[in-house]
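Trainee: Once you've had a glance at the structure underneath, I'll fire off some questions.
The values are calculated or read from the model by the stated rules, or taken from the named source; none is laboratory data. From a predicted model like this one, the values you see are computed outputs, not experimental measurements. Reconstructed Cβ throughout: ideal geometry from the backbone, glycine too, with neighbour counts over all protein chains shown. With ligands, DNA and RNA removed, areas are computed over all heavy atoms of the protein, side chains included. Shrake-Rupley method; radii C 1.70, N 1.55, O 1.52, S 1.80 Å.
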Amino acid sequence: MDRADFVHLVRLSEHDSADDSARYRRSVALFAALGYAWVLACLLLAVGLLVWVAGSFGRQGTGHFGRVWVGLFALGLLWATLRALWVSFDRPEGVRLEREDAPRLFDALDRIRDRIDGPPVHHVYLDSDFNASIRQLPRFGLLGGAVNYLSVGLPLLMALDRRRLLSVLAHEYGHLRGNHGRLSAWIYRTRLSWLKLDESLQRNEGLMAAVSQAFFRWYFPRFAAKTFALARQDEYEADRISARLLGTSVAAAALTEIAVKGAWYAQSFWPAHWARAASEAVPVGPFTALRTQLRAAPETAFAREALRGAMRRVSDVDDTHPVLRDRLEAFEEKAVLPEWSAKPALDMLADRGEKWVEHFDREWCREHVNDWKQHHGYLKRVRERVDALAASAGRNNADEMVEWADLERRLDIHADVRSRYERALELTPEHAGALRGYVQMLPALDREARLPVLARLYLSGTASRWWAAKTAVALLENPDAGAHDEAALKQWRARLKEAEEAEHRAWEEIAGTPYFSQITMHDLSDFEMGELQADLVRCHPIARAWLVRKNLREFPWRRAYILFVELPGLADEERYQLCRHLEQTLSLPGATLVLWAGHSPTLHDIQREARGPIWTRT
């Protein structure tokens, strides 16, 4: 099923839900039951074939060889079906907490359960994610009950005060409440079970596996589209429960604070932490430093821009969670920066979480020791190159001046390298790399200085137009940067629209043509490859990566790439979300499609067509 058909089915499910919610939920339950019917039909077919084979061996005549093959097929089908009915799931990552480890946290969960009359949370886990989530995993396979697991991230406990954390926990608990919660949870468990079965069948060959995979290729996209509106409704209902227990202002403030501090955590904290590898040969645990830094309020300019960025996002079919704008509108709350949490919720853990900060620091260092050493070696080579460029400063051309500046910023994002870019522009006035670097050295809110440079960058070549226009529009839309300039904003929005249309056509050619057509070896420089490998080091699920350049017929001058990654140990939905995230965050000089080794393309296809990996985790 292509994306357009999937989106169409999602919209139909949303219309059905809006027209008659009760009838829509019944149709979802019936469609989910179709999957169970398929499994049970396979079970009955397998048993029936085995009974027929067993009874036929006592009869006269030929055909024993054919009956043996039928019996083997029936045994394989029976085994696969029994596995589907009795699938097992991995428990959440992290450390399981007992009441004595977090007495205030467990007391709070008891109070939330009493208020909403919900089922128990059987297990509570503490992990290292900036998040909280609740999962229902099947206890005895498809036909059994469920076990409720709550996961709470240590960074989240550092970022929020107690009441805002409780609003997050109330939202998660809200997924389990009432009849609607039971239906949503059953649908969620069913989907996990089908995915688990599908993954096991992918490793099998033969007629039975082929038939099963054909069914799943038809069933899964329709099941996901059919249940999309239900999952989206469930998020809003969980928000309403959070607001009812803690108040809409607290719930809205928690969502806003998570959006801003989550952006800081991803964009500022982790790059700065990995930059310490330049001077530290052995890994340094991040959570002690994170606890200290989260005590300080985010910089106002960063917080405002992070909030504006979050409010510009729109809900789509890639995620059942509504975006911040929609959630605040449902609360009837305005998008404003809240008063930042003054006292973190770490006191909900025994001993204010000291032992857990130390524990996760040790675990992080142990898991990333090889990655850190690789990154340390890379930054050492960067430093050597910087020293070489500094030694030849008087002879450097524009490309070398830009490389020098870029490398210094790689070592220290706050390095003042404006003079390097200015010298490059003296040598080559319209050098795109120098213009882009120079504009980032100018004060972030100085329209008078930045807009002329962005105009030069936009006119320097088509490859830079989208970035220049996007940056200019964001600057003109920022009220902190000065009075509203309608004429300039209209001009830059028109430029951005034109650039986005070209980007869209380029992306259609990247993603819409066969993966291995129009490809050549990548053309990354040593610096660009180092940047990419540094990103891959920080993305722990990636085991190996391959990179090829995609040659675009409409835009032959455009640099475009396909990155293939091996992601063992993740479910397909997690792989999909990670690949979409990488497409937005990787340090590559052109549009990049990220694909994982799975159904299509397979690992064998990637190894055959993309040659050797560009990076392997050691």
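Trainee: Of the residues GLU339, GLU367, GLU305, only one is open to solvent by 20 Å² or more (accessible area, probe 1.4 Å) and over 30 Å from TYR236 (Cα atoms); which? Step through it out loud before you land on a result.
Mentor: Values: GLU339 fails: over 30 Å from TYR236 (Cα atoms); GLU305 fails: over 30 Å from TYR236 (Cα atoms).
On inspection, the qualifying residue turns out to be GLU367.
Trainee: Here are some residues: ALA468, ALA463, ALA502, ALA474. Which one is modelled with pLDDT under 85 and either open to solvent by 20 Å² or more (accessible area, probe 1.4 Å) or not charged (D, E, K, R) (or both)?
Mentor: Values: ALA468 fails: modelled with pLDDT under 85; ALA502 fails: modelled with pLDDT under 85; ALA474 fails: modelled with pLDDT under 85.
Of ALA468, ALA463, ALA502, ALA474, the one residue that is modelled with pLDDT under 85 and either open to solvent by 20 Å² or more (accessible area, probe 1.4 Å) or not charged (D, E, K, R) (or both) is ALA463.
Trainee: Related question: Which number in (1) in contact with a helix residue (DSSP H, G or I) (Cβ under 7 Å, 6 or more places away or on another chain); (2) buried (at least 18 other Cβ atoms within 10 Å of the Cβ) marks the one condition that ASN397 misses?
Mentor: Among (1) in contact with a helix residue (DSSP H, G or I) (Cβ under 7 Å, 6 or more places away or on another chain); (2) buried (at least 18 other Cβ atoms within 10 Å of the Cβ), ASN397 violates only (2).
Trainee: Given the criteria over 27 Å from GLN267 (Cβ atoms) and either in contact with an Asp or Glu (Cβ under 6 Å, 6 or more places away or on another chain) or open to solvent by 60 Å² or more (accessible area, probe 1.4 Å) (or both), does LEU552 qualify?
Mentor: Yes, satisfied.
Trainee: Right, next: Can you run down the residue pairs with Cβ atoms below 6 Å, 6 or more apart or on separate chains, where the first is in the range 231-248 and surrounded by 18 or more Cβ atoms within 10 Å (Cβ to Cβ) and the partner is at pLDDT 95 or above and among the hydroxyl-bearing types (Ser, Thr, Tyr)?
Mentor: SER242/SER167; LEU246/SER167
Trainee: Ok, one more. Just to be sure I understand the filter: pairs with C-beta atoms under 6 Å, separated by 6 or more residues or on different chains, first member in the range 379-406 and part of a helix (DSSP H, G or I), second member at pLDDT 95 or above and of a type in the set (S, T, N, Q). Which pairs pass?
Mentor: ALA398/THR428
Trainee: Can you tell me which residue within the range 529-539, out of those that are at pLDDT below 85 and not hydrophobic (A, V, I, L, M, F, W, C), is farthest from GLU574 (Cα to Cα)?
Mentor: For the range 529-539, the residue satisfying everything is GLY530.
Trainee: Related question: Does LEU445 count as more than 30 Å from TYR378 (Cα to Cα), touching a helix residue (DSSP H, G or I) at 6+ places or on another chain (Cβ under 6 Å) and open to solvent by 60 Å² or more (accessible area, probe 1.4 Å)?
Mentor: In short, yes.
Trainee: Within the bounds of the range 321-331, is there any residue that is open to solvent by 60 Å² or more (accessible area, probe 1.4 Å), assigned to a helix (DSSP H, G or I) and farther than 30 Å from GLN440 by Cα?
Mentor: So far as the range 321-331 goes, yes, one or more of its residues are open to solvent by 60 Å² or more (accessible area, probe 1.4 Å), assigned to a helix (DSSP H, G or I) and farther than 30 Å from GLN440 by Cα.
Trainee: Sticking with this one: Could you list all residues from the range 415-463 that are assigned to a helix (DSSP H, G or I) and acidic (Asp, Glu)? Walk me through it before giving the result.
Mentor: At the first step, the residues of the range 415-463 found to be assigned to a helix (DSSP H, G or I) are 418-427, 432-441, 447-460, 462-463.
Listed by number, the residues that qualify are GLU422, GLU426, GLU448.
Trainee: Check off (1) at pLDDT 90 or above; (2) open to solvent by less than 60 Å² (accessible area, probe 1.4 Å); (3) of a type in the set (S, T, N, Q) for THR520 and give me the number that stays unchecked.
Mentor: Here THR520 meets the rest and fails (2).
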